[in-house]
1. Of (1) of a type outside the set (A, V, I, L, M); (2) part of a helix (DSSP H, G or I); (3) touching a residue at least 12 places away in the same chain (Cβ under 8 Å); (4) under 24 Å from residue 3 (Cβ atoms), residue 75 satisfies all except one. Which?
2. Need pairs with beta-carbon distance below 8 Å; first residue among the basic types (Lys, Arg) and within the range 109-138, second loosely packed, with under 12 Cβ neighbours inside 10 Å and modelled with pLDDT under 80; sequence gap 6+ or separate chains.
3. Within the range 62-76, track down each residue that is surrounded by 15 or more Cβ atoms within 10 Å (Cβ to Cβ) and closer than 17 Å to residue 11 by Cβ.
4. Name the residue, out of 109, 89, that is over 15 Å from the mean Cα position of the chain (by Cα) and either part of a strand (DSSP E or B) or under 17 Å from residue 16 (Cα atoms) (or both).
5. Of everything in the range 11-61, what is over 16 Å from residue 80 (Cβ atoms), among the charged types (D, E, K, R) and crowded, with 17+ Cβ neighbours inside 10 Å? Give them in sequence order.
6. Can you tell me which condition residue 62 does not meet? The list is (1) closer than 21 Å to residue 113 by Cα; (2) in contact with a helix residue (DSSP H, G or I) (Cβ under 9 Å, 6 or more places away or on another chain), and all the others hold.
7. As an exercise: evaluate residue 84 against (1) in a loop (DSSP other than H, G, I, E, B); (2) closer than 20 Å to residue 113 by Cβ and give the number of the one condition it does not meet.
Amino acid sequence: MLEYPNVLLLSTDTIETTVLQQALRKHVILTRADNLSDAMFLLEGGGYDAFFCAWSFHAGTWMEALETVREWQPDLPVIILSRTAEEREWLQVLEAGAFDLLVPPFEKEELLAVLEQASASREARALRGQSPRLNAGA
């Protein structure tokens, strides 16, 4: 994983944002957007290693955000955050193409592990896409 991953957070929940900032402050550069439009503007600049998205936010849902991010940056790992999700929601999120679904309590170790797995997965997909030899066996 990168030394300081750059993560974009789409959330209007100040408690959720504060918890994430406190848990990750020594390990991640966390930038927050309040709405999907602002998040897409920030993503245009590039340089993000992961995208955290609240289940719902001002004028939007995780599904809308996921679809939009997939259009702009299809390889960017999208991690959905929910306060009350259960197995059914987790399956829904994975089937929609998100990398994972996390629920509170947001522990530093869990957050960093998911970011590390997302980074490794992204790198592996990039290698498969760049190497014709790897694609031939797929």
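The values are calculated or read from the model by the stated rules, or taken from the named source; none is laboratory data. All figures in this text were calculated on a predicted structure; none of them were measured in a lab. As a convention, Cβ positions derive from the backbone with ideal geometry for all residues, glycine included, and neighbour counts pool all protein chains shown.
1. (2) is the only condition that residue 75 fails.
2. Correct list of pairs: 128/135; 128/138.
3. 62, 63, 65, 66, 68, 69, 76
4. Of 109, 89, the one residue that is over 15 Å from the mean Cα position of the chain (by Cα) and either part of a strand (DSSP E or B) or under 17 Å from residue 16 (Cα atoms) (or both) is 109.
5. Result: 49, single match.
6. Of (1) closer than 21 Å to residue 113 by Cα; (2) in contact with a helix residue (DSSP H, G or I) (Cβ under 9 Å, 6 or more places away or on another chain), only one is false for residue 62: (1).
7. (2)
Every residue, every condition in (1) basic (Lys, Arg); (2) at pLDDT 85 or above; (3) exposed (fewer than 11 other Cβ atoms within 10 Å of the Cβ), yes or no:
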{"residue": "82", "(1), (2), (3)": "no, yes, no"}
{"residue": "98", "(1), (2), (3)": "no, yes, no"}
{"residue": "104", "(1), (2), (3)": "no, yes, no"}
{"residue": "125", "(1), (2), (3)": "yes, no, no"}
{"residue": "128", "(1), (2), (3)": "yes, no, no"}
{"residue": "132", "(1), (2), (3)": "no, no, yes"}
{"residue": "137", "(1), (2), (3)": "no, no, yes"}
